[in-house]
Amino acid sequence: MRPVPMDVSGHTSLGSLLDEALLRHLSRTALIEANRRREASRWSFAEVDRVAGQVAARLWASGIRPGDRIAILMSNQPRWLVTAVAVFRCGAVLVPLDFKLTPPEQLALLQHASPAALMIEHGLFRLLPTPPEVPRVWVSEAPEGVDLGGAERWDALPEGTLQPQPRQRDDLATIVYSSGTGGRAKGCMLSHGAYLTQLQGLLERFPMVPGDRYLSVLPTNHAIDFMVGFVGPFCCGATVVHQRTLRPELLRWTLRRYRITHMAVVPMLLSAFQRALDEAREAATPWRRDALSLLTSLNARLTSRQPRPELSRLLLKPVHDRFGGRLRLLFCGGAFTERALAEGFYRLGLPVVIGYGLSEACTVVTVNGLSPFRADSVGSPLSGTELRIDAPDRDGVGEVLVRGPTLMDGYLDDPELTAEVLRDGWLYTGDLGWIDASGHLHLVGRRKDVIVTAGGKNVYPEDVEHAFVGVGAEEIAVFAANTLWPQRSMVDEELVVVIRPSQLDAGGLAEALVQEVGAHNRSLPGHKRICGLLPWGDPFPRTASMKLKRRELARQIAQRLDRGAVIRLSPG
């Protein structure tokens, strides 16, 4: 018999919610940490409760009180989650920072957030160019005898514990820096009520149960992993698995070793999984390829209304064994997910749940269900969330507006920027989209990235990029030529596709790839067609959630190349 799910609505804070979860699941495994092909640690919920209580007692003894800010700067590992539990137990405000940022960027965010204390991993601490200007600093995993300056060791925990301090739903829970932060810090202030409402909506659609195992690969400071890789699994008694080394072969080992059931990925990782499947298929004998094709088609027909995991694992056992044999859901967001890619995984019995969200709305705004499966949109709103399209054009496309209890209270110490995006209770997302008759949201791009042609047509870069998916390039981005190389007049605007191929030959792009792009280009309406290709050898700059930093890429291109580097396409 499955346990009765926790009643999220009965709680007023994340601290009280997590406290009940720890006590409810004391004997179960909460955390597993792997380092390469070795298990480094395993924590029961009872152990998490004990250590979090010690960390909380230390914070309290040092003067931390409800409402104080505590920053955490660690890679994905158990101490991150244990520290977060301790912060909420003190009633303090968690400030999760991105460990993938540069040390100067991390110091800048620390200065902006002004935390009372910092919990930091030793490997990240030693990279900081100057000591952080924070009253108290605790360093985890520091080697014995190493000089920490004025910092203290995280691991030197006192005896004792601390009972959860009461907080209300309107009280601040976190300050989360938007993944798009660059130059101007944008710290989203999110309440306990926002998280509790969000969690309730997600559990209504995708409940987890004890025995489920979630593999955490996205940074836990990111909104997605914080919710579906920490708060959600803990409340459901599921296990969170961390792998300290995220090389593809070690991810595959972890999936198999711990029989992972859930995982959140970005589209680039999903594409990497697909390439591995394609390579395995090509290496198989012809009769095995034919058998796989027939069984995939049969599975697709039998699961058209809803997933049937046991059946899919029976029909397509070799495929499922590559992913550990128990993988049930892949949550995918953060950037555009190609429809054909998601549908291909579903045909194999590996559902990809596509959603849309942003830090300013806690995590998730819309998400697709599985009965039936859809990959043509980013889903319908979670319960309690409203959507509206502002100033739609004749095609129904306009800016996506969001309203509901999961919205942030505003940006930290920035009323001017807050007033730009929060108006009359609505969050102006800056994303462009339209809503279909079934209430599902379809995104087409960013408002600030719209290209207006000489004929007055609006062109959305992401919309054009979708047309070139599958041409054999690692990454693709579409720009207006006048954006890359500004000129006095915007007349005769042309579109350029920047391509990072798998390999660049001596002459740039291989002729076969140029021909393939040209064929795709001819299928587009005239105003969306590109005029040429621009070869680019470096990985595109991206945020922690793998969103393209479009302006940063444009800046790099303009610094290193001129219009003469564009390979012109035939107008035919």
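State yes or no: is R394 part of a strand (DSSP E or B) and free of Cβ contacts under 8 Å to residues at least 60 places away in the same chain?
no
Within the stretch 406-422, which residues are in a helix (DSSP H, G or I) and either closer than 16 Å to S191 by Cα or not assigned by TED's automatic domain parsing to the domain that holds G357 (or both)?
The answer is T418, and nothing else.
What single numbered condition from (1) touching an Asp or Glu at 6+ places or on another chain (Cβ under 6 Å); (2) on the phi > 0 side of the Ramachandran plot fails to hold for R403?
The single condition R403 does not satisfy is (2).
Here are R322, R339, R313, R308: which of them is surrounded by fewer than 22 Cβ atoms within 10 Å (Cβ to Cβ), farther than 20 Å from Q274 by Cα and not assigned by TED's automatic domain parsing to the domain that holds P541?
Result: R308 is the single residue among R322, R339, R313, R308 that is surrounded by fewer than 22 Cβ atoms within 10 Å (Cβ to Cβ), farther than 20 Å from Q274 by Cα and not assigned by TED's automatic domain parsing to the domain that holds P541.
Is one or more of the residues making up the stretch 413-430 in contact with a helix residue (DSSP H, G or I) (Cβ under 9 Å, 6 or more places away or on another chain) and either within 19 Å of L548 (Cα to Cα) or modelled with pLDDT under 90 (or both)?
The answer is yes; a qualifying residue exists.
Looking only at the stretch 518-531, count every residue that is outside any loop (DSSP other than H, G, I, E, B) and over 32 Å from the mean Cα position of the chain (by Cα) and tell me the total.
Number of matching residues: 5.
Of all residues in the stretch 406-427, count the ones that are surrounded by fewer than 18 Cβ atoms within 10 Å (Cβ to Cβ) and free of Cβ contacts under 8 Å to residues at least 12 places away in the same chain.
Residues flagged as surrounded by fewer than 18 Cβ atoms within 10 Å (Cβ to Cβ) and free of Cβ contacts under 8 Å to residues at least 12 places away in the same chain within the stretch 406-427 amount to 6.
Quick check, is A361 surrounded by fewer than 23 Cβ atoms within 10 Å (Cβ to Cβ) and either among the hydroxyl-bearing types (S, T, Y) or assigned by TED's automatic domain parsing to the domain that holds A272 (or both)?
Considered against the rule, which asks whether it is surrounded by fewer than 23 Cβ atoms within 10 Å (Cβ to Cβ) and either among the hydroxyl-bearing types (S, T, Y) or assigned by TED's automatic domain parsing to the domain that holds A272 (or both), A361 comes out as no.
List every residue pair whose Cβ atoms sit under 8 Å apart, with the two residues 6 or more apart in sequence or on different chains, where the first one lies in the stretch 26-50 and is closer than 21 Å to C236 by Cα and touching a residue at least 60 places away in the same chain (Cβ under 8 Å) and the second, anywhere, is assigned to a loop (DSSP other than H, G, I, E, B) and among the β-branched types (V, I, T).
Once the first residue is closer than 21 Å to C236 by Cα and touching a residue at least 60 places away in the same chain (Cβ under 8 Å) and sits in the stretch 26-50, its partners that are assigned to a loop (DSSP other than H, G, I, E, B) and among the β-branched types (V, I, T) give R50/T161.
Would you check which residues across the stretch 373-391 are in a loop (DSSP other than H, G, I, E, B) and under 26 Å from L196 (Cα atoms) and list them?
Passing the criteria: S377, V378, G379, L382, S383, G384, T385.
Restricting attention to the stretch 463-480, and to residues there that are among the acidic types (D, E) and modelled with pLDDT of 80 or more, which single residue is nearest to G526 (Cα to Cα)?
The selected residue is E465.
What do you reckon, is L561 modelled with pLDDT of 85 or more and more than 25 Å from the chain's Cα centre (by Cα)?
Considered against the rule, which asks whether it is modelled with pLDDT of 85 or more and more than 25 Å from the chain's Cα centre (by Cα), L561 comes out as yes.
The values are calculated or read from the model by the stated rules, or taken from the named source; none is laboratory data. Values in this document were obtained by computation on a predicted structure and should not be read as measured data. No Cβ is skipped: glycine too gets one built from the backbone with ideal geometry, and neighbour counts run over all protein chains shown.
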